[in-house]
1. Gap in Å between the Cα centre of segment 1-27 and the Cα centre of segment 100-154?
2. So which helices of the chain fit the span-like rule, where a helix is a whole DSSP H run, its Cα atoms reach 30 Å or more along the axis, and its mean Kyte-Doolittle is at least -0.5?
3. Pairs of lysine in the chain with Cα under 20 Å and at least 8 positions apart or on different chains: total?
4. Among 7, 24, 41, pick out the residue whose Cα is farthest towards the positive end of the charge dipole of segment 5-163, where Lys and Arg carry +1 and Asp and Glu carry -1 on C-beta, about the Cα centre.
5. Report which label in (i) 23, 18, 17; (ii) 44, 23, 18; (iii) 31, 17, 13 holds the value of semi-axes √(5λ) of the Cα gyration tensor in Å derived from the coordinates of this structure.
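Just so it is clear, none of the values below were taken in a lab; they were calculated from the coordinates. Quick caveat: nothing in here was measured; it's all calculated off a predicted structure. We place every Cβ from the backbone using ideal geometry, glycine too, and count neighbours over all the protein chains shown.
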Amino acid sequence: MGLSNLGIFHTLIGIIAIVAAIISYRRFGKINLAHSTGKIYFYTTIITSSSSLGISKLGGFNPGHIFALFIVFLVLAAYYLHAKKKGNNRFRFIENFSLSFSFFLSWLPTVNETFTRVPVGNPLANGPTDPTIGITILVFLVLFIVGSVFQYRQQRKINKAARN
């Protein structure tokens with residue numbers, strides 16, 4: 001598979017982030033920063049994105065690194081809104097969207113790297129333009145859109161109940 005020590009660390013922490021997010025989605029319908037699963041997602045996503053800056057198939061700083069920095073920005077913005085704007089439920093829309101979007105964006109390199117490496121010796125895809133990767137990412141995009149609409153509706157109900 002050809003992973004460096006940093007690549008192995010990055011992958012293991014990334015798996016923890018994915019598992020934490022999925023558990024949070026199942027329990028709360030969102031990545032909930034008030035719960036341990038949301039906090040684990042937050043910290044492991046920061047670590048995973050940061051560690052990706054030391055990994056490069058292409059050599060040097062590349063668009064993937066900008067992508068990782070954008071994911072860090074999204075989770076930091078969500079954390080800021082969670083911590084500093086507690087009394088304002090309107091900010092929960094942005095917080096929820098930022099965390100969900102960061103989770104969706106994290107799947108793009110994950111799908112590409114996994115499908116072009118696994119199974120070892122006979123990977124599922126030949127490269128980033130392989131239709132298998134495109135279809136998988138399309139499925140994740142649909143799930144992201146459906147999930148975002150669900151979260152928006154749920155947050156609207158919460159906000160309405162808080163006003164009454």
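1. Using only Cα atoms to place each centre, the spacing works out to 14 Å.
2. 5-28, 63-84, 90-115, 131-163
3. Eligible lysine pairs with Cα atoms under 20 Å apart amount to 13.
4. 24
5. Only one listed value fits the structure, namely (iii).
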